[in-house]
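Data block below; observations after.
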Amino acid sequence: MTKTKKIIGLSCGRKNGNSEILLKEALMGAEELGVESEIIRAMELRVKPCTGCEACSIAMSRGKEARCAIKDDDVPWILEKTVVEDCALIVSGPLYHLRANSCFEAIHERMLPTMFRHPEVLKKTRVGAIISVGGGEPEWTPLGLTSMNIFVQHTRVLVDQMQVNYVGRPGAVLMEEKYLERARELGRRVARAMMMPIEEVKFVGDETDVSCPVCHCNVLKVPEKLPYVFCPVCWVKGVITLDGDKMKVRWDEESAKYPRFSERGVSTHLELVKNLQMKFYTEDQEKVKERIKKYVSYGKIIKP
């Protein structure tokens, strides 16, 4: 059972911008039910992107403590608060070009060393929600909720999520009462879920006939040919069916029970990573050192 009565709001947009306003509305809604909150304003902190050095996964594969090689920014603190701390989580941020913005993605892609040190977060004993904010029409915001779910699905049972469109101008959301009230209700829903046993928590947000049963997004990937599809976030498999002229998806219950970011799904992937790392350092390293010489000496590198 989720014991905490605190929500952390991770704001990845501008100070007092549209996504932060909606986050604050959500937290005000939770406050109505006696839940306290804290806000992390990521854009005011030092946030550096992952460099892909693999220091964390190499350490993990050798049985050592995984730590990020980047030591001079605030991302480790942000992740301790949002990934590890016993709290509910609401992530809110803008999307400028189809998917969540770079500030959010920089934090998200640095998650691995924190998760390696705290695999217990994969048990998902806490709840979360997502607010994605776009400035244009829905055709330009299809990957906002999808990309944010990749972060949230590691550690939280998703309670609610909302995609907001047509509010690109600073403060434009203040003129949209329907979005403000929707955000406040999202906060209330998170607060109510915090007071339930975690196994009783259900998603109460908007869905379609093709929504994934785990992340509740409706972006589908066709691996080879129809009618077979899967959710690109959760790896839940399904089959497209037709009910008259209406398309639906019949989702596979086993893959929905153990999606990509379940404890079993991540553990299986980490075993693969360990094996690949071991093979590289025991069999392939000398060959790579020799063959990379050709590329190290090649190319005219330019700078401003």
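Things worth noting here:
- Counting only residues that are in contact with a strand residue (DSSP E or B) (Cβ under 9 Å, 6 or more places away or on another chain), surrounded by fewer than 21 Cβ atoms within 10 Å (Cβ to Cβ), closer than 30 Å to residue 200 by Cβ and not basic (Lys, Arg), region 122-145 holds 1 of them.
- Residue 64 meets the stated requirement of being of a type in the set (Lys, Arg) and without any contact (Cβ under 8 Å) to a residue 12 or more places away in the chain.
- Evaluated against (1) over 25 Å from residue 143 (Cβ atoms); (2) without any contact (Cβ under 8 Å) to a residue 24 or more places away in the chain; (3) not hydroxyl-bearing (Ser, Thr, Tyr), residue 277 falls short on exactly one condition, (2).
- If you go through region 14-56 and keep only what is outside any helix (DSSP H, G or I), of a type in the set (S, T, N, Q) and surrounded by 15 or more Cβ atoms within 10 Å (Cβ to Cβ), you end up with just 37.
- In region 242-249, the condition of being surrounded by 10 or more Cβ atoms within 10 Å (Cβ to Cβ) and either of a type in the set (Gly, Ala, Ser) or under 30 Å from residue 63 (Cα atoms) (or both) is met by no residue.
- For region 57-77, the candidate set comprises residues that are within 19 Å of the chain's Cα centre (by Cα) and assigned to a helix (DSSP H, G or I); within that set, the residue that is farthest from residue 15 (Cα to Cα) is 76.
- Among the criteria (1) outside any strand (DSSP E or B); (2) more than 24 Å from residue 74 (Cα to Cα), the one residue 104 does not fulfil is (2).
No value in this document is a laboratory result; all are computed from the given coordinates. All values derive from a computational prediction rather than experimental measurement. Note: ideal-geometry Cβ built from the backbone for every residue, glycine included; neighbour counts use all protein chains shown.
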